[in-house]
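These notes are about the structure you will find just below.
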Amino acid sequence: MTGVLAVAGGTASGKSTLAEALSLQCPESIALVHLDDYYVPAHDPLRGVWTVSADGHAVLDWNHPGSIDETAVTHAIDAAQRRPGVLLTVVEGLFALSLPSVVQRASWRVYVDTPDDIRLARKILRKIEMQRQDPRLFLRNYLQTGRDRHAAHVAPSRAAADLIVDGTASEAEMLAAVMPLIEPALTPPATPSREQGVWGVPHTSAVPVFAL
């Protein structure tokens, strides 16, 4: 069975950046599961948690863990672990340290901690520059429910983390903080020694496996 690394943090904290950077270190050995891909269908009012947005419309509450299809997440993690060559599955998302299906499978738990004002600024810039959206509705929703949802469902999961990563640090610095935690999972198992007929000693080198 492969290892599982759960990466949580608030919106725009840098958790996706960290997870994707990790996968690039060893793309054939690391599988990624993004929890954002497993919300229940927004057109199905019988599933998930619903709320009323700032513009008065009933919408799926994207900031509540009850809106994630946990069964689908479980299947995705298990499928990733069964893929040939995969040694580590990285599960990232707001609720990676809140959903029982993820927490129970996690070998290591990381929380990307970023001040609220920086996260909010990043999200606004993303709305404007990348998504070409007017951020006013997002800001009203943030004030109406988003801020409270973070305090209730995301921030408390920080206490479950094995490692707290500074989300204001550079990508290289975040990688340097996490790699020592997961390197054991990425070390190939020892193979029998043909000469001695015993299990070989894991290879060591003065050069790190992953150069940042």
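Within the accessible surface of the chain, defined with a 1.4 Å probe on protein heavy atoms only, the carbon and sulfur portion equals 55 percent.
Say R0 is 25 Å: what FRET efficiency, to the nearest 0.05, do ALA172 and GLN131 get from their beta-carbon distance?
With R0 = 25 Å, the Cβ-Cβ based efficiency is 0.40.
Computed from backbone phi with θ = phi - 60° and the Karplus coefficients 6.51, -1.76 and 1.60, the 3J(HN,Hα) list for the range 57-62 is 9, 6, 9, 5, 7, 5 Hz; x is used for glycine and proline.
At full extension, THR187 and ARG147 could sit 10.4 nm farther apart than now, given 0.36 nm per residue minus the alpha carbon distance.
Separation of the range 83-153 from the range 27-62 is 12 Å, based on Cα centroids. Residues within the reach of a label modelled at LEU163 (point 7 angstrom out along Cα to beta-carbon, backbone nitrogen below 17 Å), restricted to the range 1-28, are 3-9, 14-27. The residues packed around MET174, meaning those with a beta-carbon under 12 Å from its beta-carbon, carry a net charge of -4 if Lys and Arg are +1 and Asp and Glu are -1.
Packing, taken as the mean count of other beta carbons within 10 Å per residue, orders the peptides 165-176, 131-142, 90-101 from highest to lowest as 90-101, 165-176, 131-142.
Distant-in-sequence amide contacts of ALA96, defined by a placed amide H-H separation under 5 Å and a gap of 5 or more residues or a different chain, comprise GLY9. The value of relative contact order for the chain, using C-alpha pairs under 8 Å at least six residues apart, is 30 percent. Kirkwood Rh, the chain, all Cα pairs: how many Å? Answer for the chain: a Kirkwood hydrodynamic radius of 18.7 Å. Heavy atoms of the protein chains alone define the surface here; on that basis the chain has 55 Å² accessible area per residue at 1.4 Å probe size.
The values are calculated or read from the model by the stated rules, or taken from the named source; none is laboratory data. In this text, all values refer to a predicted model and were calculated from it rather than measured experimentally. Every residue, glycine as well, gets a Cβ built from its backbone with ideal geometry; the counts of neighbours run over all protein chains shown. Only protein heavy atoms, including side chains, enter the accessible area calculation; ligands, DNA and RNA are left aside. Shrake-Rupley method; radii C 1.70, N 1.55, O 1.52, S 1.80 Å.
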